[in-house]
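Working notes, structure below.
Values in this text are rule-based calculations from the coordinates and carry no lab data. Worth saying up front: this structure is predicted, and the values here are computed from it rather than measured. Note that we place each Cβ from the backbone using ideal geometry, even for glycine, and neighbour counts take in every protein chain shown.
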Amino acid sequence: MSSVHTSSESATGSPPVKAGEVRLEVVVVPVSDVDRAKAFYKRLVKKKLKPVAKTATARKLLVKLTIMLRDNITAQEFDLRGRTVGNARGGIQA
C-alpha cells in the first residue's frame, strides 16, 4: 500500500519542503467504531487533562494506522484481529 517516491516532488505533486518551511499533511484515519473511540477519549478526560487525553487518543489512532499500513489491512480487519488475538492486557477491550 505504501510507496517510495524518489522524484523531487511529493506524492501530492507539490514541490519538496524547503528549510524553514512547515507543511501539514492530513491523513484520514478510518475508525470503524466511532462510539468506542469517543468512549476511550471520554474515559481518559475523567482521569487526565484534556491535552493528555487528546495526545493519547491521537497516538492510539496513529498506532492503528501504522499497523494497518504495515499489514495492508482495513480498519475492520484490524478490529477483527484485536477481538480474535487479544491485546497486551490479555484480551481486555479498551
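A simple count of charges around Ile67, restricted to other residues whose Cβ falls under 14 Å of its Cβ and scoring Lys, Arg +1 and Asp, Glu -1, yields +2. Modelled this way, with points 7 Å down the Cα-to-C-beta line, the labels at Val34 and Ala56 are 2.3 nm from one another. The ratio of the alpha-carbon radius of gyration of region 34-85 to the globular-protein estimate 2.2 N^0.38 Å is 1.26.
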